[in-house]
Amino acid sequence: MDADEVLPGSGPVLLVDRDELVFRLLSARFLSKGVDLLWTDSSTGALAMLEAGRVAGFPRAVITDVALHGSTGYEFVRTVRASEFPAVALIPILMLTSRYRQLDVDSGVRSGIDAYMAKPFDLDQVEQVLGRIINARSKMIASAASPNGSMP
Amino acid sequence: MRYFDALIATLIAAIANFSLIAYLVIRRILVYPSHHMLERRRREYEERIDAVAVSPHEPTGDDAAEFPTVRRWERDLLFEVVASRMVLLKGRSRSNLTRLLELSGVIDERIAELRTGTVWKRRLAADVLGRSYSATAISPLTLALRDTDADVRSIAAKALGRLDVDSAIPYVASLLKDIEEPLCAAVADTLIGFGEDAVSDVLALLQEDIDGSRSAERVRFWSVTVLANIRRPSVPERNRRVVVALHNLTGDSSMRVRRITAVALGRLGSSFEVDALAKLLVDASHEVRREAATALGVIGDERALEVLLVAFEDPVREVAIAAGDALAEFGERGVLMMRQSLARRGLPIAGSPNVTEVNHG
């Protein structure tokens, strides 16, 4: 994805991270592309925001750290994936964290994330990866919704 | 007359005091900002710096001119805010911020301080230059590796490691020869950060030892520590040279050198290391024997079974435990050998009736 390209999907992106600086940097980047970034530093806050999405509209994607207030990022992702609402359970999730050991990546993948990125991060790369996972999820949902498809 | 003199003296003292206080107040106002002003400026900087970081274009002189950096505290604040973002960013965003620091004069100022400042200013400058990720800092930081102050040299080495400048590796490696022990860990960390590219220069330090101009024990210890943490070099010739150097060190006079050599041999992880580790398994120091046993378990070569069984009967409990753990790595065969050893010595075996733990004598 080029710097001028638009992030696919609609609605804001939800960031779950304890570091306000991450929010500031991602927010500045997304705002320049016309995408709102919602921010919370806790898993409970994030789950409440996702729940509220039923009324206000669901985010197009979630970016989460591992170290959160409330619970770990892995537990948060597992809870999201177990949601009874398909729009929440199938939301694209990018894990953005300073933990980069294979063990951490494996834990993230097992919890149900779509992509894993280590901090420090490249803003261009974050946007590219986010674009890719949003597109991949959209295709998956579209094929599941087709007559021959089946929901995962 | 005497009262008049006293009055004059008192007046002069009062004027001097007043002047001093006025000077300090004016200096405080001119040099240091108020808390309110500092916070206001910080907010301004944060907004503008975030915009520079996310911009698809490299900042220009005009962009830098938007940041008021006439006073020293403003330049310090600019660096502080930029550095807090650089920790999180890489790629184009980080390059933009580095360029901003270069254009605003922060880098040039610190380079000048690194060359001619006081010891404290040189230490701070080396740290700031490392965190700036600026290529213009490479040459001055490399020169700083020969600074008269050991802390400046150590901080410069760390800074060069952060900048990932391969050309600095020989200088950084040679620091192990002339800095104090407490600073060696920082230099070793930097060399480990360089990875495989540092192997040749570290081996050169050990080569001096082989040539007869015996290097200090400290140099040998930290050199092997670096090799142990870089692990197996992917270039076969380089790997062979590491193996030769480590084999030579198995007979080193220093216990901690032999111990870290055992760790390094284990991390190389090939069957070639079994003989060298078997030699360390009968070392006079139990710490060396313990590391050798652990390393042999990691390598998992069956030629090590017999020597590990001997180590399993070592009088020092922690060596016996390490050897037992290593034998367990071989599965059924290793466990059977341990059971036979315990039975032969008339010692209780875990899992037998009325026995809850293995006693290693």
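Each value in this text was obtained by applying a stated rule to the coordinates, not by laboratory testing. The model shown is predicted, which means the values in this text are computed figures rather than measured ones. Cβ placement follows ideal geometry from the backbone for every residue including glycine, while neighbour counts extend to all protein chains displayed.
Work out the mean other chain Cβ neighbour count within 10 Å for the residues of A:119-125 and drop it here as an integer.
Details: counts 4, 9, 5, 6, 10, 5, 3.
Per residue, the average neighbour count from other chains is 6.
Starting at the first residue of the range B:14-19, write each ³J(HN,Hα) from the Karplus equation 6.51 cos²θ - 1.76 cosθ + 1.60 with θ = phi - 60°, in whole Hz, x for Gly and Pro. Those phi angles translate into 5, 5, 4, 4, 4, 4 Hz.
What does the average come to when, for each residue of peptide B:84-97, you count the partner chain Cβ atoms lying within 10 Å of its Cβ?
Working: counts 1, 4, 1, 5, 12, 8, 7, 7, 5, 8, 3, 0, 0, 0.
So the per-residue partner count for this stretch is 4.
For A:Ile63, nonlocal amide neighbours, meaning residues 5 or more places apart or on other chains whose placed amide H falls under 5 Å from its own, are A:Leu14, A:Leu15, A:Val16, A:Leu94.
Roughly how crowded by other chains is peptide B:196-208, in terms of the mean Cβ count from those chains within 10 Å of each of its Cβ atoms?
Numbers: counts 0, 0, 0, 0, 0, 0, 0, 0, 0, 0, 0, 0, 0.
The per-residue average across the peptide is 0.
Count charges around B:Arg27 for me, please; just the other residues with Cβ under 13 Å from its Cβ, Lys/Arg as +1, Asp/Glu as -1. It would help to have the intermediate numbers written out before the result.
Values: positive: B:Arg28, B:Arg71, B:Arg72; negative: none.
It works out to a net charge of +3.
Shown for B:Thr69, B:Thr10: other C-beta atoms within 10 Å of each C-beta, ranked fewest to most, produce the order B:Thr10, B:Thr69.
Counting other beta carbons within 10 Å of each Cβ, put B:His35, B:His286 in order, fewest first. Could the numbers behind the result be given before it?
Numbers: B:His35 8, B:His286 17.
Fewest-to-most Cβ neighbours within 10 Å comes out as B:His35, B:His286.
Treating the beta-carbon of each Lys and Arg as +1 and of each Asp and Glu as -1, no other charges, what is the dipole magnitude of the range B:222-328 about its Cα centre, to the nearest 20 debye?
On the way: 14 positive and 14 negative charges, 107 e Å.
With only Lys, Arg, Asp and Glu charged at Cβ, the dipole is about 520 debye.
Judged by the gyration tensor of its Cα atoms, with axes a ≥ b ≥ c, the range A:12-152 is rounded; a/c sits under the 1.5 cut.
Coupling constants for the range B:73-85 follow from the phi torsions by the Karplus curve (6.51 cos²θ - 1.76 cosθ + 1.60, θ = phi - 60°), and in residue order they are 4, 5, 5, 4, 5, 4, 5, 4, 5, 5, 4, 5, 7 Hz; glycine and proline get x.
Helical content of the protein assembly as shown, expressed as a calculated mean residue ellipticity at 222 nm, amounts to -20500 deg cm²/dmol (DSSP H runs of 4 or more residues, -39,500 (n - 2.57) each, divided by residue number, nearest 500).
Here each label is just a point 7 Å from Cα along the line to Cβ, and for A:Glu75 and B:Arg317 those points are 3.7 nm apart. On a C-alpha basis, how far is the centre of the range B:265-288 from the centre of the range B:114-189 in Å? Whole number, if you could? About 35 Å separates the Cα centre of the range B:265-288 from the one of the range B:114-189.
If you filter the range A:17-99 for GluC sites (Glu not before Pro), then keep DSSP loop positions with at most 10 other Cβ within 10 Å, what is left?
On the way: sites: A:Glu20, A:Glu51, A:Glu75, A:Glu84; in loops: A:Glu84.
When the GluC sites (Glu not before Pro) of the range A:17-99 are filtered for loop state and at most 10 Cβ neighbours within 10 Å, A:Glu84 remain.
First check a/c for the protein assembly as shown, with a ≥ b ≥ c the square roots of the eigenvalues of its C-alpha gyration tensor; if it is under 1.5, answer rounded, and if not, answer prolate when a/b is larger than b/c or oblate otherwise. Verdict is oblate for the protein assembly as shown. Pairs exceeding 31 Å between alpha-carbon atoms, taken from A:Lys33/A:Lys119; A:Lys33/B:Lys121; B:Lys90/B:Lys177; B:Lys158/B:Lys279; A:Lys33/B:Lys158: A:Lys33/B:Lys121; B:Lys90/B:Lys177; B:Lys158/B:Lys279; A:Lys33/B:Lys158.
Using a/c under 1.5 as the rounded threshold, could you call the range B:1-91 rounded, prolate or oblate? The axes a ≥ b ≥ c are square roots of the C-alpha gyration tensor eigenvalues, and prolate needs a/b larger than b/c, oblate otherwise. Mind showing how you got there, number by number?
Details: a/c = 5.41, a/b = 4.38, b/c = 1.24.
Verdict is prolate for the range B:1-91.
Just checking the listed ones, B:Val119, B:Val70, B:Val274: in the Gaussian network model of chain B with Cα springs under 10 Å, the one fluctuating most is B:Val70. In order along the range B:100-108, the phi-based Karplus estimate (6.51 cos²θ - 1.76 cosθ + 1.60, θ = phi - 60°) of 3J(HN,Hα) comes to 4, 5, 5, 5, 8, x, 5, 5, 4 Hz; Gly and Pro are listed as x. Distances between placed amide hydrogens fall under 5 Å for A:Tyr116 paired with A:Met95, all partners being 5 or more residues away or on another chain.
If you put +1 on each Lys and Arg Cβ and -1 on each Asp and Glu Cβ, how big is the dipole of chain B around its Cα centre, in Debye rounded to 20? Kindly include the intermediate steps, with their values, before the conclusion.
Numbers: 48 positive and 51 negative charges, 133 e Å.
Approximately 640 debye in magnitude.
Hey, got the dipole for the protein assembly as shown? About the Cα centre, +1 on K and R Cβ, -1 on D and E Cβ, debye to the nearest 20?
Details: 63 positive and 69 negative charges, 99 e Å.
Dipole of the protein assembly as shown, to the nearest 20 debye: 480 debye.
Treat the count of other C-beta atoms within 10 Å as a stand-in for reagent exposure and order B:Tyr171, B:Tyr23, B:Tyr32 from fewest to most.
Values: B:Tyr171 20, B:Tyr23 10, B:Tyr32 13.
Exposure proxy ranking, most exposed first: B:Tyr23, B:Tyr32, B:Tyr171.
Expressed in Å, the radius of gyration and Dmax of the Cα atoms of the range A:74-152 are 13.7, 43.
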